[in-house]
Amino acid sequence: MSNQKIKGSILKARLEFVRKEYGEKGMGRVMDNLPEDDQRILARLVTVAWIDFEIGKRLDDAIVKALGGGSTRFFERLGEASAEVNLGTLHSAFLAPGDPQAFLAKAPQIYRLYYDVGWREYEPTGEREGILTTHDAETFSKTDCLTVIGWYRRALELCGAKHVHIVEEQCRATGGGVCRYRVTWQ
């Protein structure tokens, strides 16, 4: 088991998404699929607290089991909702209206806000494209990568980008050495 931590704001955004989309009944179904210790931690969740990544992974698994129906789009939507919440309030200063490249250049700082191990870099490869790469994270999951895709897609839209397309070209959860995302927009 890893010691990697993630910010409570990540999990809080997931819980808010479940509550908004599925109501208290859906929230109850998710919680019923979690160990009691996790339920207690999530009930007292503080956005600035560092929480074990494994709790987040179990939450994601519970969401998939209770509500997700196996759809990858579900976790991309969750990432989009998280960007709306966090970039609409807590971290709005990161947005760069009219300049998606300037926003993506802040990827290393944004990563450190949400994860305590590893790092993310951004390399522009054209006027409206680039590559985000996550290195050295102790823990990883396919669902977390899908939320990253949704989060960055919505964040770029908030910066004014249109037709944002993000493809994960390499993923540690499927044997890759890093998690690498190709980002394009108009």
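The values are calculated or read from the model by the stated rules, or taken from the named source; none is laboratory data. From a predicted model like this one, the values you see are computed outputs, not experimental measurements. Every residue, glycine as well, gets a Cβ built from its backbone with ideal geometry; the counts of neighbours run over all protein chains shown.
If I ask for residues that are more than 21 Å from Leu87 (Cβ to Cβ) and either surrounded by fewer than 19 Cβ atoms within 10 Å (Cβ to Cβ) or of a type in the set (D, E, K, R) (or both), which ones from the range 41-54 would you list?
Correct list: Ile41, Ala43, Arg44, Asp52, Glu54.
Enumerate the pairs (first residue in the range 126-145 and free of Cβ contacts under 8 Å to residues at least 60 places away in the same chain; second residue anywhere and among the aromatic types (Phe, Trp, Tyr) and surrounded by 15 or more Cβ atoms within 10 Å (Cβ to Cβ)) with beta-carbon separation below 6 Å, excluding pairs fewer than 6 apart on the same chain, so at least 6 apart or on different chains.
As it stands, the answer is Arg128/Trp185; Gly130/Tyr122; Leu132/Tyr122; Leu132/Tyr181, since those pairs meet every condition given.
Among the residues of the range 138-151, which ones are touching a Gly at 6+ places or on another chain (Cβ under 8 Å) and assigned to a helix (DSSP H, G or I)?
Answer for the range 138-151, where residues must be touching a Gly at 6+ places or on another chain (Cβ under 8 Å) and assigned to a helix (DSSP H, G or I): Asp144, Leu146, Thr147, Val148, Ile149, Gly150, Trp151.
Is there a residue being out of contact with any Pro (no Cβ under 8 Å at 6 or more places or on another chain), of a type in the set (Phe, Trp, Tyr) and modelled with pLDDT of 95 or more anywhere in the range 76-98?
Yes, because at least one residue in the range 76-98 is out of contact with any Pro (no Cβ under 8 Å at 6 or more places or on another chain), of a type in the set (Phe, Trp, Tyr) and modelled with pLDDT of 95 or more.
Say whether the condition of being touching a Leu at 6+ places or on another chain (Cβ under 7 Å), within 23 Å of Val46 (Cα to Cα) and part of a helix (DSSP H, G or I) is met by at least one residue in the range 112-119.
For the range 112-119, residues touching a Leu at 6+ places or on another chain (Cβ under 7 Å), within 23 Å of Val46 (Cα to Cα) and part of a helix (DSSP H, G or I): absent.
Would you point out which residue out of Lys162, Lys142 is modelled with pLDDT under 95 and either within 24 Å of Glu84 (Cβ to Cβ) or within 13 Å of the chain's Cα centre (by Cα) (or both)?
Of Lys162, Lys142, the one residue that is modelled with pLDDT under 95 and either within 24 Å of Glu84 (Cβ to Cβ) or within 13 Å of the chain's Cα centre (by Cα) (or both) is Lys142.
What pairs can you find where one residue is in the range 102-114 and in the same structural domain as Arg180 (by TED's automatic domain parsing), the other is among the aliphatic types (A, V, I, L, M) and assigned to a helix (DSSP H, G or I), and their Cβ atoms are less than 9 Å apart, with a gap of 6+ or different chains?
Phe103/Ile110; Phe103/Ala155; Phe103/Leu156; Phe103/Leu158; Leu104/Ala155; Leu104/Leu156; Ile110/Ala155; Tyr114/Ile10
Can you confirm whether Thr47 is modelled with pLDDT under 95 and either among the aromatic types (Phe, Trp, Tyr) or touching a Ser or Thr at 6+ places or on another chain (Cβ under 7 Å) (or both)?
It is true that Thr47 is modelled with pLDDT under 95 and either among the aromatic types (Phe, Trp, Tyr) or touching a Ser or Thr at 6+ places or on another chain (Cβ under 7 Å) (or both).
Go through (1) loosely packed, with under 14 Cβ neighbours inside 10 Å; (2) in contact (Cβ under 8 Å) with a residue 24 or more places away in the chain; (3) not acidic (Asp, Glu) for Leu95 and report which single condition fails.
Condition (1) is where Leu95 drops out.
Could you count how many residues in the range 1-54 are more than 24 Å from Arg154 (Cβ to Cβ), without any contact (Cβ under 8 Å) to a residue 60 or more places away in the chain and part of a helix (DSSP H, G or I)?
Here the count works out to 12.
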